[in-house]
Amino acid sequence: MRLAIPVLSIVITSWLASTQTGELATAQEKHLRNVRQLTFGGQNAEAYFSADGKKLIFQSTRDELKCDQIFTMNTDGSEVRMVSTGKGRTTCSYFYPNGKKILYSSTHLADPQCPPRPDYSRGYVWAVYSGYDIFTAKLDGSDLRQLTHTPGYDAEATFSRDGKRIVFTSMRNGDLDIYSMDASGKHVKQLTSELGYDGGPFYSPDGRWIVYRAYHPTSEKEISEYRELLKQDLIRPTTLELWIMRADGSAKRQITHLNAASFAPSFFPGGQRIIFSSNVGSTGGMGNFELYAVNVDGSDLERITYSPGFDGFPVFSPDGQKLVWVSNRNAKAAHESNIFIADWVP
């Protein structure tokens, strides 16, 4: 999440996991079995499977890094390797379905240094850095090539399973909208045009639908604030709802009406249900984020995780047998977030 912004900073409490029994799942988490922790320390986010289900690609701020870089590892947590340049800030990485290349966004061409963090003096905001462009590289990070060349933010890219189309979020026309392009970066098509933020797009397994998160301001006050923040490359993510549309941008409809910050949606293997993260029901600041599932028509909302702090960025393995997500559980330091994998119990 999909998310190009450092959502993990949402969790600003100093909660530290304290599982006396050593269990990584709570008794209420009936869909999760054999939970394993894959990373240990730092801020890790947005882990996505390779098409063969053997590897994960993710972003991480760890060790001496000042902001996120892109890493790959095996699904057992071994062979961790940085595959981005080590310059700028990176986000939203993904494997090409053919298994030969990777995709991610980076600010390194705009500035090799980490971009400044947002100013929270006006409340909690996300930065949509104008220096982000989308790049492709070989699996080891070599042969880096730029796919987007337009001014402003280009990020949050994911692939259709057949490898033919990439869907992403861009500011190229002055607002944060969703676009698609072919695997080489050509034949770009704008899919959303509503005023507001449309982001985190993810294809259904059959490639016919796209699920995404959106904030569409309606009142004069909301519109004014949104436009003013956008001039500063910022958005306020306190209310995000899930939407779905056909891959050509038609038949848009809102899925959730939770009046909460719901994001990072992706499809169940069957394509009829969606898993996502939300702070619905939380109080005080951005509150506690848990994983939820919902049908594509908005029915049958179900809570999946029951763990203090943050649980987000859920995705299924290609065969639907495993779930990967990011959590604060079992953290050893404040703001630590790690990647977990579990067998999925239907």
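The values are calculated or read from the model by the stated rules, or taken from the named source; none is laboratory data. Since the structure is predicted, the reported quantities are computational estimates derived from the model, not experimental observations. All Cβ positions, even for glycine, are placed from backbone atoms using ideal geometry, and neighbour counts span all protein chains on display.
Are there strands (runs of 3 or more DSSP E) fully within region 149-236 with at least 1 residues that are touching a helix residue (DSSP H, G or I) at 6+ places or on another chain (Cβ under 9 Å) and farther than 27 Å from residue 88 by Cα? List them.
On the way: elements: 154-159, 165-170, 177-182, 197-203, 209-215.
Those strands (runs of 3 or more DSSP E) span 209-215.
Residue under question is residue 273, and the condition is that it be under 19 Å from the mean Cα position of the chain (by Cα), surrounded by fewer than 18 Cβ atoms within 10 Å (Cβ to Cβ) and under 28 Å from residue 49 (Cα atoms); does it hold? Full working, then the answer.
Numbers: under 19 Å from the mean Cα position of the chain (by Cα): yes; surrounded by fewer than 18 Cβ atoms within 10 Å (Cβ to Cβ): yes; under 28 Å from residue 49 (Cα atoms): yes.
So residue 273 passes the test.
Find the residue count for region 25-64, including only residues that are crowded, with 16+ Cβ neighbours inside 10 Å and more than 21 Å from residue 320 (Cα to Cα). Can you show your working first?
Our first condition is that a residue be crowded, with 16+ Cβ neighbours inside 10 Å; within region 25-64, this holds for 25, 29, 31-32, 35, 38-39, 42-50, 55-62.
Keeping just the survivors that are more than 21 Å from residue 320 (Cα to Cα) gives 39, 42-44, 59-62.
Summing the residues that are crowded, with 16+ Cβ neighbours inside 10 Å and more than 21 Å from residue 320 (Cα to Cα) in region 25-64 gives 8.
So if I check each of 266, 250, 278, which one is under 15 Å from the mean Cα position of the chain (by Cα), within 25 Å of residue 160 (Cβ to Cβ) and not hydrophobic (A, V, I, L, M, F, W, C)? Spell out the reasoning first.
Numbers: 250 fails: under 15 Å from the mean Cα position of the chain (by Cα); 278 fails: within 25 Å of residue 160 (Cβ to Cβ).
Going through 266, 250, 278 in turn, the sole match is 266.
So, in region 16-47, of the ones that are of a type in the set (Val, Ile, Thr) and modelled with pLDDT under 95, which residue ends up farthest from residue 105 (Cα to Cα)?
Going residue by residue through region 16-47, those that are of a type in the set (Val, Ile, Thr) are 19, 21, 26, 35, 39.
Restricting the remaining residues to those that are modelled with pLDDT under 95 gives 19, 21, 26.
Details: 19: 36, 21: 40, 26: 35 Å.
Filtering region 16-47 for residues that are of a type in the set (Val, Ile, Thr) and modelled with pLDDT under 95, the one farthest from residue 105 (Cα to Cα) comes out as 21.
Residue under question is residue 139, and the condition is that it be closer than 30 Å to residue 197 by Cβ and either at pLDDT 95 or above or in contact with a helix residue (DSSP H, G or I) (Cβ under 9 Å, 6 or more places away or on another chain) (or both); does it hold?
No; evaluated as a whole, the condition is false for this residue.
Per-residue answers, yes or no, for (1) closer than 30 Å to residue 33 by Cα; (2) of a type in the set (Asp, Glu):
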| site | (1), (2) |
| --- | --- |
| 222 | no, yes |
| 233 | no, yes |
| 238 | no, no |
| 246 | no, no |
| 252 | no, no |
| 259 | no, no |
| 278 | yes, no |
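Considering region 92-125 alone, what residues qualify as being hydrophobic (A, V, I, L, M, F, W, C) and surrounded by fewer than 21 Cβ atoms within 10 Å (Cβ to Cβ)? So that I can check it myself, show each step before the final result.
Residues of region 92-125 that are hydrophobic (A, V, I, L, M, F, W, C), as a first pass: 92, 95, 102-103, 109-110, 114, 125.
Of everything in region 92-125, those that are hydrophobic (A, V, I, L, M, F, W, C) and surrounded by fewer than 21 Cβ atoms within 10 Å (Cβ to Cβ) turn out to be 109, 110, 114, 125.
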What residue, among those in region 237-253 that are assigned to a loop (DSSP other than H, G, I, E, B) and of a type in the set (A, V, I, L, M, F, W, C), is surrounded by the fewest Cβ atoms within 10 Å (Cβ to Cβ)? 251
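Would it be correct to say that residue 256 is modelled with pLDDT under 95 and either in a loop (DSSP other than H, G, I, E, B) or buried (at least 16 other Cβ atoms within 10 Å of the Cβ) (or both)? Give the derivation first.
Numbers: modelled with pLDDT under 95: no; either in a loop (DSSP other than H, G, I, E, B) or buried (at least 16 other Cβ atoms within 10 Å of the Cβ) (or both): yes.
It is false that residue 256 is modelled with pLDDT under 95 and either in a loop (DSSP other than H, G, I, E, B) or buried (at least 16 other Cβ atoms within 10 Å of the Cβ) (or both).
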Conditions: (1) closer than 23 Å to residue 319 by Cβ; (2) assigned to a strand (DSSP E or B). Residue 60 meets all but one. Number of the miss? (1)
Do the conditions hold for residue 326, that is, is it of a type in the set (Val, Ile, Thr), at pLDDT 95 or above and either farther than 21 Å from residue 47 by Cβ or buried (at least 23 other Cβ atoms within 10 Å of the Cβ) (or both)? yes
Given the structure, is residue 130 assigned to a helix (DSSP H, G or I) and either of a type outside the set (Val, Ile, Thr) or surrounded by 15 or more Cβ atoms within 10 Å (Cβ to Cβ) (or both)? no
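Residues in region 211-228 that are crowded, with 19+ Cβ neighbours inside 10 Å and more than 14 Å from the chain's Cα centre (by Cα): how many?
Let us first name the residues in region 211-228 that are crowded, with 19+ Cβ neighbours inside 10 Å, namely 211-215, 226.
Remaining after also requiring more than 14 Å from the chain's Cα centre (by Cα): 215, 226.
Here the count works out to 2.
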Could you list, in sequence order, the residues of region 75-104 that are more than 23 Å from residue 275 (Cα to Cα), in a strand (DSSP E or B) and not aliphatic (A, V, I, L, M)? 81, 90, 101
